[in-house]
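Below: the structure, in structure tokens.
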């Protein structure tokens, strides 16, 4: 975990580039939304203010929990034959990757601390601490679901020589089905139904919905438990894929 934090600070240019690209995309979407609302249009039953808040909070939470290196690092270790080093350590590969993932979280928390504090102040002023606590609770599930999805993508390197294309495709799919740019319930019915039976919605859409309307503890509990079920399913899938992948890895001596 410490290595991930240190390496993150060593690549400050990437951080600056991230801030510039995210600010640009936010500016473009804000212009589109402002034009829609100014012309008398509406996006679902959302106000312009909530749409801006939805997108900004989704981006900030994404900076903290969406570490695609989970897939890339694991795939590189497998394809380069360095996965053996993981097998020789007393800690499981899942725990090792979780430590790296958490290190990335700490790094981004430090780098974007000012932006995060401003958002926290706004949330406490506009929504109160109970909704913020509900968001934090649901975000724990979001982080673990994201981790296991992209750990599984990385583990595909046991069976395919290159997974860069698959990882890139899954990152695009996850952003769309997680509701990163617009709330999922404004999508056409068919798309919304598909998103509703997949785990991606728990990465962004569900946690942010804790701020919509009055706080409903029963809804929060249902979504939290549903997220836990998905974490369990993804964990079991991860263990199965790892077991099969390690057998193949040891058999062919990658």
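The values are calculated or read from the model by the stated rules, or taken from the named source; none is laboratory data. On a predicted model such as this, the values are computed, not experimentally measured, just so you know. Note that we place each Cβ from the backbone using ideal geometry, even for glycine, and neighbour counts take in every protein chain shown.
Worth pointing out:
- Residue 203 vs. criteria closer than 30 Å to residue 80 by Cα and buried (at least 19 other Cβ atoms within 10 Å of the Cβ): no
- Criterion: at pLDDT below 85, touching a helix residue (DSSP H, G or I) at 6+ places or on another chain (Cβ under 7 Å) and more than 30 Å from residue 245 (Cβ to Cβ) - qualifying residue of 58, 44: 44
- So residue 116, is it in a helix (DSSP H, G or I), more than 21 Å from residue 175 (Cα to Cα) and over 14 Å from the mean Cα position of the chain (by Cα): no
- Check on residue 231, under 30 Å from residue 88 (Cβ atoms) and either without any contact (Cβ under 8 Å) to a residue 24 or more places away in the chain or within 20 Å of the chain's Cα centre (by Cα) (or both): yes
- Of the criteria (1) modelled with pLDDT under 85; (2) exposed (fewer than 15 other Cβ atoms within 10 Å of the Cβ), which one residue 69 fails: (2)
- For the range 159-181, the set of residues classified as part of a loop (DSSP other than H, G, I, E, B) and either within 30 Å of residue 81 (Cα to Cα) or at pLDDT 85 or above (or both) consists of 159, 160, 161, 162, 163, 178, 179, 180, listed by residue number.
- Residue 159 meets the conditions (1) in contact (Cβ under 8 Å) with a residue 12 or more places away in the chain; (2) surrounded by 15 or more Cβ atoms within 10 Å (Cβ to Cβ) in every case but one. The failed one is (2).
- Contact annotation: residue pairs with Cβ atoms under 6 Å, 6 or more positions apart or on different chains, pairing a residue in the range 126-139 that is free of Cβ contacts under 8 Å to residues at least 24 places away in the same chain with a partner that is part of a helix (DSSP H, G or I) and surrounded by 15 or more Cβ atoms within 10 Å (Cβ to Cβ), are 132/123.
- Sole residue being closer than 25 Å to residue 247 by Cβ, modelled with pLDDT of 85 or more and either within 19 Å of the chain's Cα centre (by Cα) or not in a loop (DSSP other than H, G, I, E, B) (or both), chosen from 151, 105, 135, 121: 151
- Filter result for residue 57 (in contact (Cβ under 8 Å) with a residue 24 or more places away in the chain and more than 28 Å from residue 157 (Cβ to Cβ)): yes
- Some residue of the range 193-202 being closer than 23 Å to residue 49 by Cα, modelled with pLDDT of 90 or more and in contact with a helix residue (DSSP H, G or I) (Cβ under 7 Å, 6 or more places away or on another chain): yes
- Test: residue in the range 85-107 that is under 25 Å from residue 182 (Cα atoms), buried (at least 17 other Cβ atoms within 10 Å of the Cβ) and touching a residue at least 40 places away in the same chain (Cβ under 8 Å): yes
- Residues located in the range 39-49, provided they are under 24 Å from residue 188 (Cβ atoms) and either in a helix (DSSP H, G or I) or touching a residue at least 60 places away in the same chain (Cβ under 8 Å) (or both): 43, 44, 46, 48
Residue-wise test of (1) farther than 20 Å from residue 164 by Cβ; (2) modelled with pLDDT under 70; (3) assigned to a helix (DSSP H, G or I).
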site: 4; (1), (2), (3): yes, yes, yes
site: 25; (1), (2), (3): yes, no, yes
site: 29; (1), (2), (3): yes, no, yes
site: 51; (1), (2), (3): yes, no, yes
site: 62; (1), (2), (3): yes, no, yes
site: 75; (1), (2), (3): no, no, yes
site: 97; (1), (2), (3): no, no, yes
site: 101; (1), (2), (3): no, no, yes
